[in-house]
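Working notes for the structure below.
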Amino acid sequence: MTDRSTERASPPARIAAALLVAAGMSATVGGALLFEHVGGYIPCALCLAQRTPYYIAIPVALVALAAGLLRAPDRLVRVLLVAVALLMGWAAYLGVFHAGFEWGWWAGPADCGAVGGFDLGGGDLLSQLDGVRPPSCEEPALLVLGFSLAAWNALAASVLAVIALFGALAGRRRGYSGSSSVSQ
């Protein structure tokens, strides 16, 4: 049983990692939304699926940051950062899967098609459907330095996972274990 008085606050490196991953994930999703809404790129189903881990992990990272700043038990912050690392691992997997499908390395989902919005309030829906070309999951909408956004997402998510994992493990050897042990 752990006595609250023996629990230690999170080390600054753990708090910095929570801040860094929260900002990095927000920038990654923000960039995707910017390409979509300002650039006019319609995301495919796999593109949208890659955002799900970010939508879950951003609040988790913010809770880890708040817990660290409010001197909650260090174990809580570590567990939250490990959860963020796992979620970013999921995002990296989805990015690699999508990029591999784009490069023809393996087959992707058969149902990957349009997810664009339609104005259902006015006009003819059938004519709107004729005017929209659904994005294909196997054709990158945009290449940046020769890589698709899915490949860049895989890289970004991998880096964020490593930062979160290092943050969770930071200070373990310097006595920031979350609780003290009694030695006899």
Open item on the list: Neighbour counts of other C-beta atoms within 10 Å: give me Tyr55, Tyr93 arranged from fewest to most.
Closed with: Tyr55, Tyr93
Task: Rounded to the nearest 20 debye, dipole of the stretch 1-90 from Cβ charges on Lys, Arg, Asp, Glu - done: 220 debye
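Read the figures in this text as sums done on the coordinates, not as results from a lab. Just so you know, these numbers come straight off a predicted model, no measurement behind them. All Cβ positions, even for glycine, are placed from backbone atoms using ideal geometry, and neighbour counts span all protein chains on display.
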